[in-house]
Amino acid sequence: MSIISQLVTARNKEKNKEKPKVEETEMSFLEHLEELRWHILRSVVSIFFFAIFFFVKIEWVLDNVILAPFDRSFPMYQLMCRLSESLCFEKIPVEFIAISPYEQFLKSITIALLGGLFLSVPYILWEIWRFVKPGLHDKERNGLRGTVAIMSLLFFIGVAFGYYIVTPFSVQFLGTYQLSASIVNQWKIGGVISLVTQIMLGGGIVFEMPVLVYYLAKLGVITPEFMKAYRRHAVVILLVVAAVITPPDWISQVLIFFPLYLLYEVSIHICRVVTRKREKELAA
């Protein structure tokens, strides 16, 4: 009986030792969730903070940003006129309408939230970095230094490319295209907002391709040989992506496809550099 009691006592001690470990692990997981919740909350607050600014200036934003590509004074149209007089035009024959009592107010909120999202991208990326950073080694942190700045820069370059280059060609093509002279182009203001913001947001996202390739190459998921071998497949995928983020006109798709393909070639070079460095580290 004494031997059995000693075994039971020893077993109970082992259980008591294990319990604090389980509780500690569970608390650590809950703390991570709590930390993630605060990062998300701060990101949402930043979006709403900038959204308030856009909502206060909503009329200016609508006239000088959303509807600016419909005016002949837009920079791209001025450049086209300087290149050739045949490319000049007086006005894009489009009228803007709202067909429901709440449409203009609801679209004001949409514009404000989208504007807040665009301006909050650097801060959101920084919050993501703050959440990931504690789980990285010093060497990994040094390797990822400057990522937030690079991703933010690429995002805004993509947004600017979509807004200043792709949007005016899309607007001009769709606004001047008519099945018959008796048909008047009357566009819902919601459709106009979706057209402009879709191109801007799509451009900002796809311009992050080099960063994505960098991390995939760093993890050894892809190699430059792989990217070269599937270049033809990548062209098809890029064409599909260009068709998704642009209106259904071939001019916009071509305009967004060429920089995407250029980014793909640049990504191959980035992948080559990262792969060589990774192989040297593994060999060492």
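The values are calculated or read from the model by the stated rules, or taken from the named source; none is laboratory data. Note that the coordinates shown come from a computational prediction; the quantities given were computed from them, not determined experimentally. Cβ sites come from the backbone with ideal geometry, for glycine too, and all protein chains shown count toward neighbours. In case anyone asks, the SASA skips ligands and DNA or RNA and just uses the protein heavy atoms, side chains included. Shrake-Rupley method; radii C 1.70, N 1.55, O 1.52, S 1.80 Å.
Where residues in the range 44-84 are of a type in the set (S, T, Y) and crowded, with 18+ Cβ neighbours inside 10 Å, which of them is modelled with the highest pLDDT?
Filtering the range 44-84 for residues that are of a type in the set (S, T, Y) and crowded, with 18+ Cβ neighbours inside 10 Å, the one modelled with the highest pLDDT comes out as S46.
Please verify whether the range 112-127 includes one or more residues that are without any contact (Cβ under 8 Å) to a residue 40 or more places away in the chain and charged (D, E, K, R).
no
Restrict the check to the range 226-243 and report whether at least one residue is open to solvent by 40 Å² or more (accessible area, probe 1.4 Å), modelled with pLDDT under 85 and either within 30 Å of L106 (Cα to Cα) or not aliphatic (A, V, I, L, M) (or both).
yes
Can you pull out the helices (runs of 4 or more DSSP H) entirely within the range 109-182 that have at least 1 residues that are modelled with pLDDT of 85 or more, among the small types (G, A, S) and open to solvent by 30 Å² or more (accessible area, probe 1.4 Å)?
147-161
How many residues, within the range 103-135, are over 20 Å from the mean Cα position of the chain (by Cα) and among the polar types (S, T, N, Q)?
Count: 2.
Please tell me if I189 is open to solvent by 80 Å² or more (accessible area, probe 1.4 Å) and at pLDDT 90 or above. Explain how you work it out, then say what you get.
Values: open to solvent by 80 Å² or more (accessible area, probe 1.4 Å): no; at pLDDT 90 or above: yes.
Answer is no for this residue.
Going through the range 244-272 one residue at a time, which ones are open to solvent by less than 80 Å² (accessible area, probe 1.4 Å) and among the β-branched types (V, I, T)?
Here is the first cut: in the range 244-272, the residues open to solvent by less than 80 Å² (accessible area, probe 1.4 Å) are 245-247, 249, 251-257, 259-261, 263-268, 270-272.
Once the filter is applied, which keeps residues that are open to solvent by less than 80 Å² (accessible area, probe 1.4 Å) and among the β-branched types (V, I, T), the range 244-272 yields I245, T246, I251, V254, I256, V266, I268, I270.
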